[in-house]
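J.: Sharing a structure with you now.
The values are calculated or read from the model by the stated rules, or taken from the named source; none is laboratory data. For clarity, every value in this text was computed on a predicted model and none was experimentally measured. Using ideal geometry, Cβ is built from the backbone for each residue, glycine included, and neighbour counts are taken over all protein chains shown. Accessible surface areas use protein heavy atoms only, side chains included; no ligands, DNA or RNA. Shrake-Rupley method; radii C 1.70, N 1.55, O 1.52, S 1.80 Å.
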Amino acid sequence: MTAVPLDSFRADLERLRADAETALAAATDAAALEAARVEFLGARSGRLKAIQKSLGGLDTSDKPAGGRHFNDAKNAITAGLEAAQIRLAEASGGAEAASIDVTLPGTPVPIGHLHPLTRTIRRVQEIMGRLGFESVDGPEVEDQWHNFEALAISAEHPARDPLDNFYLAVARGADPLLLRSQTSTVQIRVMENREPPLRIVSLGRVYRPDTADATHYPMFHQVEGLLVEPGTTMAHLKSVLRLFASSFLGGDVRVRFRPSFFPFTEPSVEVDMEWGGRWVEMGGAGMVDPAVLEAVGYDPDAVSGFAFGLGVERIAARRYGVDDIRDFYRNDVRFLRQF
Amino acid sequence: MIISTNWLADYVQVPGTDDDLVDRLLMSGLNHESTTRVGDDTAIEIEVTSNRPDCLGHIGVAREASVLYGRPLHVPDPRPLEGAGEASHSIVVEIRSPEICPCYMARVIRGVRVGPSPQWLVDRLATVGMASVNNVVDVTNYVMLECGQPLHAFDLTRIRGGRIVVRRAAEGEPFTAINHKVYTLTERMCVIADAERPVALAGVMGGADTEIGPGTTDVLIESAQFAPLPVRAAARGLVLASPSSYRFERGPDPAMVDWASRRAAALMLELAGGVLERGSVIAGELASAPATIPLPAERVGEVLGVDVAETRQREILTALGFVEEPSAGPQTRRWRAPTWRRDCWRDIDLVEEIARIEGYSRVSENAVIAARPIELSPREVTVRRAGEVLVGAGLCEAMTRSVVTEAFAATASPWGETPPILIAPPLVRGADRLRRSLLPSLLEARGGNVAVGVDDADLFEIARAYLARPVTEENAASPIEEPLLVSLVVGGDFARAKGLADAVCAGLGTGRDGEARLVYRPVVLEPFARGRAAEIVLERRGHAAVRIGVVGEVSKAAADRFGLDAAVAAAELRLDRLDFTALLERPLVKPSDFPAMQRDVNLVVDESVRWGDVADAITSAAGEVLEECRLVQVWQDAERLGAGQKSLVVTLALRSATGTLSGEEAGRIVDAVVAECGRRVNAVLRR
C-alpha cells in the first residue's frame, strides 16, 4: 500500500476544520447544532473519525507530525462546538427565565462594627507603628512603685491621695494596690525589662475618680508614647508629634508646645495641634525626667528620651463629633453601628 | 489663682494689653482660664501647676511678667514701726511636731480697732473673688494673695495660758472651726493649740473661739510653715479645703514667712491702728538651703535640640531670681536657686526655665527620626484576630465598666472561686468590685438596647477580668490575675454562640496543626440555663488540659434580671490562653489535586450517644484521607428506628494527597468507620 502523503492529510484536515466552523456558525437551534456535531465529531461515522483512520496510512516518519495536526484540528472543532452551545444557551435562556423585581431586598448580611475608641486606638497605633513605635500592654492593677514612685510622684504629691485613686481592698503584703491612673506604668515595666533604644506606645484603660459628665468618665483610655535613645532632644519629640498630627488629622498640621508640669517629665509641655483653624489641646508631653531613667536603671548621662500622652476619648469625641463621652460606654447599637 | 491687673501694677508696669499679657503667660506656663471685667479692674484667672506655688500670689505672677516684658519688679520692703512691749513677753510658741511644722512665727499688735476695710482693699479682694470680713482679717487674706504665704490672725485675749502649741491632733479630738461646725480630728492632722485646747486646724482654718471679732483689741499674727500631708489630710478628710490649705499643700516660699508677717503687721497698723510689740516669737527654723546647680552652657542645646546663646541663658535665669555663683568658665557655671523656686534643683530644671521663657517655638519640628522595624505582639495579634472574626460575623464591639455592682459580681465567674475584689471609692454609684467575668456587663448592655426598642444587639467585648488568687506564699508576689477575655452575647440558641466561639478559636488557629484540640463538656454555671451550657477545654500536647471558654444559653432567671425577653446565648473565652498560636509558623499544606469522594453514612445509635463521641470514632477510623465529616441530619422515629434510637446522617468527604481513591478504597474506609462506630457507640448502619 502506498503511503498517504502528509501534505494531502493536512489539506483534508484544514478543509474539515473550515467546513466545521461554517456549519457551527450557521447553526441557529439545538437540532442544527446536533446535526453538525454528528457530522464532524460523530463517534461512529463522523468526518473526523474518517480522517483519523487515514492517520494510520501515513509514513512512519510523518506520523508524529500528523498526530499533532490531527489533535489541533480536533481540539479546535470541539472548542467551536462548545462555544456554539454556550451561544445558543445564552440566547434562549434570556428569553425564557421570568424577569425579577430588582428592587427587592438582597439577602441581609450582618455588618459588625469595632468600637469607635478601638478604631481611634488602632489608628494611633498604626501611625505610631510607622514611626517605629511598638504597642505594649500591662496590668491594670498596679503597685505604688509603678504607678507613682518610679514616675517620680512623691508620697506628698496630691495625685497619691486615697480619694484621688481607686485602691483595692487586696494588697501585696504592705504595698497597697490600685487601679492604674495612667498607662505610664507600662512604660516603667518595659524599661525595667529592656535596654534602650526603645520606642513604645502603651495603651489601655485607666481609672481616676471623676464624677461622670459630658467630658469626664472615671474609666477612660490613654495612649502614651515613649522613645529612649541616645541623643534624643525636644526637637525629636516635636517632630514625631507633628508627623503624628499630620497623619491623624490630615494635611500639614502645626504643633505648639506650652510649658506645663508633670512629675515624670522635665521639661514638660502641653501639646496643641492646629485643628479647624484653631489650637486644640491634644495631650501632655516632655523629656523623660532623669529621675525616671534612674529609677529603671538607665544612665541619664548616656540616654535621653521623650514621652507623650493622649486621651483617647477626647480625640475620638472630636474626630467623630461625639458631644458626651458617656456615649462611648452606653453601648447603644444605634450609636455603635455608625462607626 | 485670680489676678487683679490693678493689683499687679503695684509691682510691675506691663506695657501691652491684658490679652497680650494673658498670651505671654500662657506660652510660658500659666494657663489662661478666663478674663473678667470687675468694676475698673480686670480679673484674670490662671491655672497654676502644682510645682509653681510662687505663682499663687500676685508678686510671683508679677515676677513672671517682669521677665517676659523685661521690666523691673518692685517688691515692697515692709518695716512696721515697733512699740514698747516685747512680743516674747506676750506669747510663748512651742512646736511639738517639727516634721509637720518646721517653723512658726508670731507677732503681736495690741489696741487695734476692728472695723470695715477701706474701699481699695474691699475692691481688690472683690476682683479676686474674696468677700471682705473686717480690716484685720482682710489684711491676712490680702497678704496671702500678695505673696502666697497664708496667715492667720487670732484674738490674743482668747488664747489661754499665753501659749501656742503646734502638735498633731489627738485621735477623735473635737475642734470648732470659724464656721461654728464641730469637726472630729485624726492623728494625721496638725493643730495649733493654746495651753488648753486646739484654736486652729493648722494651715486650714481658724477656730471659732479665737476669731477676730468687733470687740477684738489684741491680735496675734501667725505666719508659719506646715507640711503638705497633714494639711491635705484635714482639708480632704474634713472637706475643708481653703485658699490657705491649697497653698500649704504646694509649699510657699519659706523666705516669705517673715516678710508676710511684717507686711501684715504694717498694713494692720495702717488700717486698724494699735501698737506692734517689739520683735517676733519664732519656734523652729526655716528649712531653706537653696540648691546650687551646675549648668554647662551646652546642656540647653542637648535637651532642646536648639542652642540658646549663653548671654541669653544668663539674662533669663538672672531675671527669674537665680544667682550666678563664681565659676571658672562656661563649662562650670553654677546657679543658686531663689527660695521661691524649690522645684529647681537640677540642670534639667534650669533648662526648662530657659526654654519656657525663650519659647518652645524655637524648637524644630523637622528633626530626622531614624526608621525602626517593629512587630505586633502575640497578644495584639490575638486581640485583633478575635475582633475581626466577630465583626465579620456581624457583632458590634461594646465597652463596659471594669467595676460592677454587688449584684453583678455575685454571678459566678467561670475563672475562679475567690470572691470579687472590692475597691474604694466606687467607680460609679454602687459599683465597687472588680468584675470576674464580662458576661453580666454585656447582658446588661443588651438589656439596655432592649429598653430602647432594639432587640437585635449582638455584642462582644475584649477586656480583662480581675481575680484574686488564693492566698498562698507562691501567690504573694502577684496576688491578682488579669485574664484577657473575649465575651459575646447574641440572640439565638446554643448552636449560634458555639458557632461564634468556634469561629474565634478557628480564627486564632487553635488546633489547626493537630497539636491542640477543643473539647466541649456539659457544665452547670451562671448565667446559663441548666443543661444548656458547656465548658470549652483545650487539650494540648505537652500541657495540662485547661478551660479556655464557656458557652451556653442564658437562663430565664438571668434574662429576666437583665431585661431580656427573647432567647439569648453567650460565650466567654480566655484569649490569654489562646494567644500561643498567634505567632506559630506552620508549614504550608499543599491542597491535593486528586478528586474527593463523598459518602453518606446513616448511623443509628442510642439517643443518649453524644455526637462528639461519634465524631471521634469516625475521625480515628477514617484516618488522614478524611477531609471533612459533616453532620447533616439528626432524626428520631420510634416506628422506623425503634424507641430511644436516633439516626445520624453524616457526609464524609474523602481525599488522598497521593492519588485518586478508588470506589473500593472508599468503601473500605466507610466500612472501617461503621465498624469503629459500632465498637465505640454501638452504632448500626441503616441501609
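J.: Expressed as a whole percentage, what fraction of the accessible surface of the stretch B:2-69 belongs to carbon and sulfur atoms when a 1.4 Å probe is rolled over the protein heavy atoms? Could the numbers behind the result be given before it?
T.: Numbers: 1070 of 2440 Å².
Reported share for carbon and sulfur atoms: 44 percent.
J.: Within the stretch B:348-373, what residues put their amide N at less than 20 Å from the label point 7 Å along the Cα-to-Cβ vector of B:Gln331?
T.: Those under the cut-off are B:348.
J.: Here is a further query. Projected area of the stretch A:6-96, taken from the Cα convex hull and averaged over every viewing direction, in nm²? Each step should come with its number before you reach the end.
T.: Working: hull surface 23.0 nm².
If you wrap the Cα atoms of the stretch A:6-96 in a convex hull and average its projections, you get 5.7 nm².
J.: Is the shape of the stretch B:292-362 rounded, prolate or oblate, going by the alpha carbon gyration tensor and its root eigenvalues a ≥ b ≥ c, with a/c under 1.5 for rounded and a/b larger than b/c for prolate? Mind showing how you got there, number by number?
T.: Numbers: a/c = 1.64, a/b = 1.19, b/c = 1.37.
Since a/c reaches 1.5 but b/c is at least a/b, the shape of the stretch B:292-362 is classed as oblate.
J.: Here's another thing I want to ask about it. Choose one of B:Leu525, B:Leu442, B:Val165: the residue whose Cα lies farthest towards the positive end of the charge dipole of chain B (beta-carbon charges +1 Lys, Arg; -1 Asp, Glu; about the Cα centre).
T.: Of the options given, the answer is B:Leu525.
J.: How many partner chain Cβ atoms sit within 10 Å of a residue's Cβ in peptide B:380-387, on average, as a whole number? Please list the in-between numbers first.
T.: Numbers: counts 6, 0, 0, 2, 4, 0, 0, 5.
The per-residue average across the peptide is 2.
J.: Packing-wise, with mean Cβ within 10 Å as the measure, how do A:26-33, B:421-428 rank, highest first?
T.: Values: A:26-33: 13.4, B:421-428: 18.6.
Top of the packing list down: B:421-428, A:26-33.
J.: Right, another one. Say each of B:Asp18 and B:Val589 gets a label point 7 Å from the Cα, pointing the same way as Cα to Cβ; how far apart are those two points in nm?
T.: 7.8
J.: Report the paramagnetic label zone for B:His89: residues of the stretch B:145-171 whose backbone N is under 16 Å from a point 7 Å from Cα along the Cα-to-Cβ axis.
T.: B:162
J.: Under 11 Å from a point 7 Å along the Cα-to-Cβ line of B:Arg197: which residues of the stretch B:170-188 have their amide N that close?
T.: B:174-177
J.: For the pair B and A, how large is the buried accessible area, both sides, in square angstrom to the nearest 100, if the probe is 1.4 Å? Mind dumping the intermediate values first?
T.: Working: alone 33490 and 18630 Å², together 45500 Å².
Separately minus together, B and A give about 6600 Å² buried.
J.: Would you mind checking the radius of gyration and Dmax of the protein assembly as shown based on alpha-carbon positions, in Å?
T.: Final numbers for Rg and Dmax: 41.6, 159 Å.
J.: Could I have the simple spin-label model distance between B:Glu47 and B:Ala370, label points 7 Å from Cα toward Cβ, reported in nm to one decimal?
T.: Here the modelled spin labels are 3.7 nm apart.
J.: Now for a different question. Tell me the Rg and the Dmax, in Å, that the Cα atoms of chain B produce.
T.: Both quantities, over Cα of chain B: 39.2, 127 Å.
J.: If you don't mind, another one. Can you pull the one-decimal nm distance between simple spin-label points at A:Glu39 and B:Asp576, each 7 Å off the Cα toward Cβ?
T.: So the label points at A:Glu39 and B:Asp576 sit 8.1 nm apart.
J.: Now, a different point. For B:Trp345 and B:Ala653, calculate 0.36 nm times their separation in residues minus their Cα-Cα distance, and state this gained length in nm to one decimal.
T.: Details: separation 308, 0.36 × 308 = 110.88 nm, distance 7.76 nm.
That works out to 103.1 nm of additional length.
J.: Same structure, new question: Can you give the Rg to Rh ratio of chain A, both from alpha-carbon atoms, with Rh computed by the Kirkwood formula?
T.: Numbers: Rg = 38.7 Å, Rh = 26.8 Å.
Here the Rg-to-Rh quotient is 1.45.
J.: Let me ask something else. Could you state the angle between the C-alpha long axis of helix A:116-130 and the longest principal axis of the C-alpha atoms of chain A, as a value from 0 to 90 degrees rounded to the nearest 10?
T.: With rounding to tens, the tilt is 80 degrees.
J.: In the stretch B:2-69, with Lys and Arg counted as +1 and Asp and Glu as -1 at Cβ, which of these residues, B:Gly57, B:Ser4, B:Val22, has the Cα nearest the positive end of the dipole, that is, farthest along it?
T.: B:Gly57
J.: While we're on this one: What is the mean number of Cβ atoms from other protein chains located within 10 Å of the Cβ atom of each residue in peptide A:166-179, rounded to a whole number?
T.: Values: counts 9, 4, 10, 9, 11, 1, 6, 3, 0, 1, 0, 4, 2, 6.
Counting other chains' Cβ atoms within 10 Å and averaging over A:166-179 gives 5.
J.: What accessible area per residue comes out for the stretch A:6-96, rounded to a whole number of Å², with a 1.4 Å probe? Before the final figure, lay out each step's value.
T.: Details: 5570 Å² over 91 residues.
The answer is 61 Å² per residue.
J.: For the stretch B:2-69, take every pair of Cα atoms, bin their distances at 5 Å starting from 0, and report each bin as a whole percent.
T.: In whole percents, the pair-distance histogram is 4, 18, 33, 31, 12, 3, 0.
J.: Determine the share of the stretch A:1-117's accessible area contributed by carbon and sulfur atoms, expressed in whole percent, with a 1.4 angstrom probe.
T.: 57
J.: Can you check what the Kirkwood hydrodynamic radius comes to for the stretch B:378-581, Cα pairs only, in Å to one decimal? Could the numbers behind the result be given before it?
T.: Working: mean 1/r = 0.0580 Å⁻¹.
After inverting the mean inverse Cα-Cα distance, the result is 17.2 Å.
J.: How large is the charge dipole for the protein assembly as shown, taken about the Cα centre, if only the Cβ atoms of Lys, Arg (+1) and Asp, Glu (-1) carry charge, to the nearest 20 debye?
T.: Around 1640 debye, computed over the protein assembly as shown.
J.: Something else now. For a distance above 15 Å, tell me the whole-number percent of Cα pairs in the stretch B:552-627 that qualify.
T.: On the way: 2229 of 2850 pairs.
Counting every Cα pair in the stretch B:552-627, those more than 15 Å apart make up 78 percent.
J.: Of the peptides A:166-176, B:357-367, how do they stack up when ordered by the mean number of other Cβ atoms within 10 Å, highest first? Don't skip to the answer; put the middle values down first.
T.: Details: A:166-176: 15.5, B:357-367: 17.0.
The packing order, highest mean first, is B:357-367, A:166-176.
J.: Could I ask something else about it? Along the charge dipole of the protein assembly as shown, pointing to its positive end and built from +1/-1 on Cβ of Lys, Arg, Asp and Glu, which listed residue (A:His157, A:Thr232, A:Val201) has its Cα farthest out?
T.: A:Val201
J.: A further question follows. Averaged across B:422-431, how many Cβ atoms of other chains sit within 10 Å of each residue's Cβ atom? Mind dumping the intermediate values first?
T.: Details: counts 4, 11, 9, 8, 3, 8, 7, 1, 0, 2.
The per-residue average across the peptide is 5.
J.: Counting only heavy atoms of the protein chains, get the accessible area per residue of the stretch B:2-69 (1.4 Å probe) and round it to a whole Å² value. Intermediate values should be presented prior to the final figure.
T.: Numbers: 2440 Å² over 68 residues.
Dividing the accessible area of the stretch B:2-69 by its residue count gives 36 Å².
J.: Something else: So, R0 is 30 Å and r is the distance between the beta-carbons of A:Arg68 and B:Glu627; what FRET efficiency does that work out to, to 0.05? Please report the intermediate quantities before stating the final value.
T.: Details: r = 39 Å, r/R0 = 1.30.
The pair A:Arg68/B:Glu627 has a calculated efficiency of 0.15.
J.: Could I ask something else about it? Quick check for me: using +1 on Lys/Arg Cβ and -1 on Asp/Glu Cβ, what's the dipole size of chain B about its Cα centre, in debye to the nearest 20? Before the final figure, lay out the partial values.
T.: Numbers: 76 positive and 95 negative charges, 242 e Å.
Once rounded to the nearest 20, the dipole reads 1160 debye.
J.: For the stretch A:273-315, what ratio Rg/Rh do Cα atoms give with a Kirkwood hydrodynamic radius?
T.: Details: Rg = 14.8 Å, Rh = 12.4 Å.
Result for the stretch A:273-315 is an Rg/Rh of 1.19.
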